[in-house]
Amino acid sequence: MTVRRLGAGLVAAALITPALAACASGTGTAGSTPSPTVSASGTASPSGAPVAGDAKQALLDSTKEISNGNFRFTLAGAGSTAEGLVHQPSQSAAMKIAIGGPSADLAMKLDVIHFKPDSWVKLELTGPTADSLPAIKQLNLGKYQHLDQNRIKGNRNLGFDFEKVDPAGSAVLTQGITEVRSTGTGAYAGTIDVTKAAEAGSLNAATIAALGTQAKTVPFTAKVDPQGRLSELVLQLPAAGQTAAQEVKMTYSDYGAATAAQKPPADQVVEAPAELYSLFN
């Protein structure tokens, strides 16, 4: 197995981690009867009268604060976890990603820091595969590897676009809501068409393709904070092919209160070797 062949599987898993999206404020009160299901246009189903306001619009509006680029986030799903922050005022971002567990043939942890115009990544690769491949061992340096921006441009695993500060592309995803209802104050449930999720950066294309027609009606729940900003989105991906059903959960917090990422100490930095770029390209 070569480093380049390893990359495809790792990147596919990593693409589920740089984040998901979307939701918004509601007008219901706690404990009230859930509003009837509404279509994406905001019209009510035959089972009930029109809801007060447009639930989908509330969800679309809930993503607007994300574009200001000052928040923390987490994501968990498909054996991967991620947590990080985006701080547009300082043009910085940081993310810690874990893919695979202790029993995996190859598990990876990434500590990625962006402080425009520089980026660094610290890797920890473990498991039988990592132990058996010299090229992989060379990447376990225990230090932050400085990245050549020309070699990571457009790479969603190693790069970061400060013109598109939400790694999940929540504005794109919420456009795909096909059905939504209020389930309480600041709480929603419905279905979403995730066929554009790869474009948004939240699910890899292979996962979406495997879902087939199910990709157009993926169940979701969402929560927003008292200010109507997205705080949680949970997608319930159905089983597809050899992949079991799975939950993908994204959270946003600390809107306007995130702090700048911290650059790694100079004595903990080395230039990234060619093998690292091969792993992710």
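Brief remarks follow.
- Cβ-Cβ FRET estimate between Lys116 and Asp254, R0 fixed at 25 Å, reported to 0.05: 0.75
- Ranked by how many other beta carbons lie within 10 Å on average, peptides 163-175, 238-250, 111-123 from highest: 163-175, 111-123, 238-250
- FRET efficiency for Gln236 and Gln57, using Cβ-Cβ distance with R0 set to 30 Å, rounded to 0.05: 0.85
- Length available on full extension from Asn155 to Val270: 0.36 nm per residue minus the Cα-Cα distance, which gives 39.4 nm.
- Ascending count of other beta-carbon atoms within 10 Å, so fewest first, for Thr207, Thr213, Thr251, Thr221: Thr213, Thr221, Thr251, Thr207
- At full extension, Lys143 and Ala210 could sit 20.4 nm farther apart than now, given 0.36 nm per residue minus the alpha carbon distance.
- For region 119-240, the dipole from Cβ point charges (+1 on Lys and Arg, -1 on Asp and Glu) about the Cα centre works out to 140 debye, to the nearest 20.
- Separation of alpha-carbon centers, region 74-119 and region 164-211, rounded to whole Å: 20
- A cut-off of 5 Å between modelled amide H atoms, ignoring neighbours fewer than 5 places along the same chain, links Lys164 with no other residue.
Just so you know, all these numbers are worked out from the coordinates, no wet-lab data involved. Bear in mind the structure is a predicted one, so any value in this text is a computation, not a measurement. Don't worry about glycine lacking a Cβ; one is built from the backbone with ideal geometry, like all the others, and counts go over all protein chains shown.
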